[in-house]
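**Q** Before I ask anything, let me first share the structure, which is written out below as structure tokens.
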Amino acid sequence: MTYRPALLVLAVAGLLALSGCEKVPPKVAPAPVQTPAGTASPAASPGGLVPGKDYVDIANGMPFSPETGKIEVVEVFGYTCPHCAHFEPMLEAWKAKQQPDVNLVLVPAPFGGWWQPFAKAYHAADEMGLVQSTHAALFNALHVDHALPTPPAIATDKQVAGFYGQHGANAAEFEKRMNSAGVAQKLKRDAAFLERSGADSTPTLIVDGKYRVIGQSPEDTLRIVDALVARERAAH
């Protein structure tokens, strides 16, 4: 049988749209709980969203990097996550359409193992002003060109720094920056935010530190984000 690559890509993309990368192997889902007769389902909130279905309220939630007059949208992501790679161009297109009061913040998931070298690399690249020119390129290097090790293999810091060496950085300096005290402190901050937000998979979007989005597809996720942003804008 002859496979058609275009159709195969679309099929894979469809599967990615309905799932995410977890920091631990997925567990078997419990059987759905039946709602007793006469018990009302959760009521839709303003914007047509249903708490517990479309988003989770984060108790005492605070933005990751608050700015006066800004509505923060955090993406918790990982470069090794194929779902994040699939979502990245959609998120960029969404970002381009936002009003000036929306602040998109990227937070790399420091889950350990194969996640860790790339989480360190994100912060090193950010400090060196290289994120904008390398963000999409690193996804492509991993998931399209397969130029770097992907899970379950773990890329070395030297391999990751070598990629940035091809994109304007001094590779040795970049590797040193990856392992600096400043980057280590930022990873601790990332981990603390993920813990208090309940984010344990990627990509996860969090609006103003208050709402963790539950989307059934990338499009659904962005629909929910738009509604939550509108809610926060009205409340400001």
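Rule-based calculations on the coordinates, nothing more; no lab input. As the structure is a computational prediction, the values presented were derived from the model and not from experiment. Quick reminder, even Gly has a Cβ in these numbers, built from the backbone with ideal geometry, and neighbours come from all protein chains shown.
**Q** What residues qualify as long-range amide H neighbours of E72, i.e. H under 5 Å apart, gap of 5 or more or another chain, H built at 1.01 Å from N?
**A** Residues meeting the amide H criterion: N103, D208.
**Q** Oh, and also: Return the aspartates and glutamates within reach of K120: Cα separation strictly under 20 angstrom, same-chain partners fewer than 8 residues apart disregarded; answer none if there are no such residues.
**A** Leaving aside aspartates and glutamates fewer than 8 places away in the same chain, those within reach of K120 are E22, E75, E88, D157, E173, E175, D190, E195, D200.
**Q** Cut-off is 10 Å between beta-carbons; in what order do H146, H167, H83 appear when sorted fewest neighbours first?
**A** Details: H146 10, H167 14, H83 21.
The order, fewest Cβ neighbours first, is H146, H167, H83.
**Q** Work out the FRET efficiency for N140 and E219 from their Cβ-Cβ distance, taking R0 = 25 Å, and round it to the nearest 0.05. Can you show the working numbers first?
**A** Working: r = 22 Å, r/R0 = 0.89.
Using R0 = 25 Å, I get an efficiency of 0.65.
**Q** Continuing with the same structure: Separation of segment 149-207 and segment 50-129 by C-alpha centroid, Å?
**A** 13
**Q** Using Cα pairs closer than 8 Å and at least 6 residues apart in sequence, work out the relative contact order for segment 89-236, in percent. Before the final figure, lay out each step's value.
**A** Working: 112 pairs, mean separation 30.9, N = 148.
RCO, segment 89-236: 21 percent.
**Q** Quick one, can you get me the convex hull of the C-alpha atoms of segment 96-174 expressed as volume per residue in Å³? Write down the numbers at each step before the final one.
**A** Numbers: hull volume 8.5 nm³, N = 79.
Roughly 107 Å³ of hull volume per residue.
**Q** Could you work out the local net charge near D101, counting Lys and Arg as +1, Asp and Glu as -1, over the other residues with Cβ closer than 15 Å to its Cβ?
**A** Details: positive: K70, K95, K97, R231, R233; negative: E67, E72, D208, D226, E232.
Once positives and negatives cancel, what remains is 0.
**Q** Using per-residue counts of other Cβ atoms within 10 Å, averaged over each peptide, order 90-101, 194-205 from highest down. Mind dumping the intermediate values first?
**A** Numbers: 90-101: 12.3, 194-205: 19.7.
Final packing ranking: 194-205, 90-101.
**Q** Using 13 Å as the cut-off for backbone N distance, which residues of segment 92-126 belong to the label zone defined by a point 7 Å from the Cα of K188 along Cα→Cβ?
**A** Under 13 Å, as judged by backbone N against the label point of K188, lies no residue of segment 92-126.
**Q** Follow-up. Between D101 and D200, take the C-beta separation as r, use R0 = 30 Å, and let me know the FRET efficiency to the nearest 0.05. Working shown, then result.
**A** Numbers: r = 29 Å, r/R0 = 0.97.
Plugging the Cβ-Cβ distance into 1/(1 + (r/R0)^6) gives 0.55.
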